[in-house]
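> For reference, the structure I am asking about is given below.
No value in this document is a laboratory result; all are computed from the given coordinates. Owing to the predicted nature of the structure, the values given are computational and were not obtained by experimental measurement. Every residue, glycine as well, gets a Cβ built from its backbone with ideal geometry; the counts of neighbours run over all protein chains shown.
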Amino acid sequence: MQPGLACYNRKMPVEILMPELGEGVHEGTVSRWLKKEGDFVKEDEPVVEIMTDKVNTELQAPASGVLVKILIPEGSPVEVFHAMGLIEESNGAAKKPVAETPTPAKDEPKPEPKTETTVETTSTAPVASGDRKWYTPVVRAMSKELGISDSELAGISGTGQGGRVTKRDVEAYLARRTGGSSAPVTKIEVKDVAPVAAGPDQEIVPLAGMRKMIAEAMVRSSAVPTVSTLAEVDVTNMVKFRERNKDSFPEQFGVKLTYTPFFIKAITETLQEFPLVNASLQGDQIVMSRAVHMGVAVSLGEKGDQGLIVPVIRDCQSKTLIGIAKDLETIAARARSSSLSVADVQGGTFTLTNPGSYGAVLGTPMINAPQAAILGTYTIKKMPIIVDEMIGVRSIMNLVLTYDHRLIDGLLAGRFLQRLKQKLETFDFFK
């Protein structure tokens, strides 16, 4: 066999691609490789752990073989549809990642390094082939949907790895072309920040992993024009009900009785009356949802010290208070054990955050774009209140609604909060 024919008989390495891990998720971080270069992996065996602002998940190997190359090291970002590693299909034992090739004749070029370089470059950057560039499927789909020609696309400067054009580059170009006033927010790039020297009693910790993903999501959400409106609510009836039933509730229904299911039930019924608050603005289209899929902020890790995540309780409009309480306990337990799946954090239409659980009395929660609104519930305090010209001690709390002002104006927000306040104060919404 001629030396040059060896590369034709070899199978091309199989790429381990970064999948889409949720709505609006265009990038993740390689938090941990479960295999190292040279290890043999079986198809569907977990091979790499990916972290985003929405979920942590393990990705399975797309084929059986040897992990011959890790393209994205641990702690590095990776965009959707980007190659993270290469598997050389094999039925044998593990091999070394360095390719073993016959020594070529003196006048013959070495074919192997050239083949490997072609695979890696095609996976990581827009490679020129004549006048053509390689673009991710996301960028191609966007350009087609937005009417961006191939010549326009070729003229866009890429900020991705190796100068590759990213989704944000296309959005920024479109905003400039149409004269838009709100260009997409540039991605946080910690590596571009000037080095910081630590003082004698300081430590430099990189912004990485989930915290970096959350930071970038918050920057994107901050581009939405939002307003927050506050309402003070007398929840004495709710507090008394819980005090009377919190001991018998677990025995009767198999779940603890907390305040959060009451909030979810009341919010759900109110959203059914004000559907625009349950909508989202995507481009120039308003997406209305007849169902209420409630995102609830819960803490990660056994001690709740590994950040927050927002899993979704689906179809709350068709669930009882007991059903909501059981679903809430389930997702909280899965968050503590870091076993949430991608599906658990997708498709939310409205978000509830409960800073009151750790004593916060007031705040302005940040919207979970592209959702239209988020509600913050704050700590319940006993306060002297004038009721029927008399001073009485009542249980009072603050509700804060943050909303996308492009969809929801102050009047609608005020009416929504007043209706929710009425439901919580009369406390007959779940009967």
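> Please compute the length gained on full extension between MET12 and MET218, using 0.36 nm multiplied by the number of residues separating them and subtracting their Cα-Cα distance.
Result: 70.2 nm gained on full extension.
> ³J(HN,Hα) across region 401-411 via Karplus (A = 6.51, B = -1.76, C = 1.60, θ = phi - 60°), whole Hz, x for Gly/Pro?
9, 9, 9, 6, 6, 6, 9, 10, 9, x, 5
> Next question, about the same structure. For GLU389, put the label point 7 Å out on the Cα→Cβ axis and report which residues of region 224-260 keep their amide N under 19 Å from it.
Once the point is set 7 Å along Cα→Cβ of GLU389, nothing inside region 224-260 turns out to lie under 19 Å by backbone N.
> Once you place label points 7 Å from the Cα toward the Cβ at ASP44 and GLU89, how far apart are they in nm?
With each label placed 7 Å out from Cα toward Cβ, I get 1.7 nm.
> Is the C-alpha gyration tensor of region 227-426 telling us rounded, prolate or oblate? Criteria: a/c under 1.5 is rounded; beyond that, a/b larger than b/c is prolate, otherwise oblate.
In terms of gyration-tensor shape, oblate.
> Just check region 332-408 against the gyration tensor rule for me: Cα atoms, a ≥ b ≥ c as the square roots of the eigenvalues, rounded for a/c under 1.5, and otherwise prolate or oblate depending on whether a/b exceeds b/c.
oblate
> Between ALA63 and residues 5 or more places away or on another chain, which pairs have amide H atoms under 5 Å apart, with H built 1.01 Å from N, and which residues are they?
Amide H neighbours of ALA63: ASP44.
> Let me ask another. If amide H atoms are built 1.01 Å from N in the plane of the peptide, which residues on other chains or at least 5 residues away come under 5 Å of the amide H of ARG394?
The list, which skips near neighbours in sequence, is MET383, ILE385.
> When a/c is below 1.5 the answer is rounded, else prolate if a/b is larger than b/c, else oblate, so apply that to region 213-290 with a ≥ b ≥ c taken from the square roots of the Cα gyration tensor eigenvalues.
Prolate.
> Using the structure shown, list the pairs from LYS256/LYS423; LYS240/LYS423; LYS265/LYS423; LYS69/LYS167 with a Cα-Cα distance above 18 Å, or answer none.
From the list (LYS256/LYS423; LYS240/LYS423; LYS265/LYS423; LYS69/LYS167), the Cα-Cα distance tops 18 Å for LYS256/LYS423; LYS69/LYS167.
> Please work out the C-alpha center-to-center distance from region 372-394 to region 226-279 and express it in whole Å.
14
> Which whole-Hz ³J(HN,Hα) couplings does region 412-428 yield from phi under the Karplus relation 6.51 cos²θ - 1.76 cosθ + 1.60, θ = phi - 60°, glycine and proline marked x?
The phi angles translate into 5, 4, x, 5, 4, 5, 5, 5, 5, 4, 4, 5, 5, 6, 6, 6, 10 Hz.
> Still on this model: Compute the FRET efficiency between LEU34 and ARG334 as 1/(1 + (r/R0)^6), taking r as their Cβ-Cβ distance and R0 = 25 Å, and round to the nearest 0.05.
0.75
> What is the set of long-range amide H partners of PHE350 at a cut-off below 5 Å, with H atoms built 1.01 Å from backbone N?
Amide H neighbours of PHE350, under 5 Å, 5+ apart: HIS293, GLY295.
> Once you place label points 7 Å from the Cα toward the Cβ at GLU251 and ARG290, how far apart are they in nm?
The two pseudo-label positions are separated by 4.3 nm.
> Ranked from highest to lowest mean number of other Cβ atoms within 10 Å per residue, what is the order of the peptides 396-404, 238-246, 61-69?
In decreasing order of mean packing, 396-404, 238-246, 61-69 become 396-404, 61-69, 238-246.
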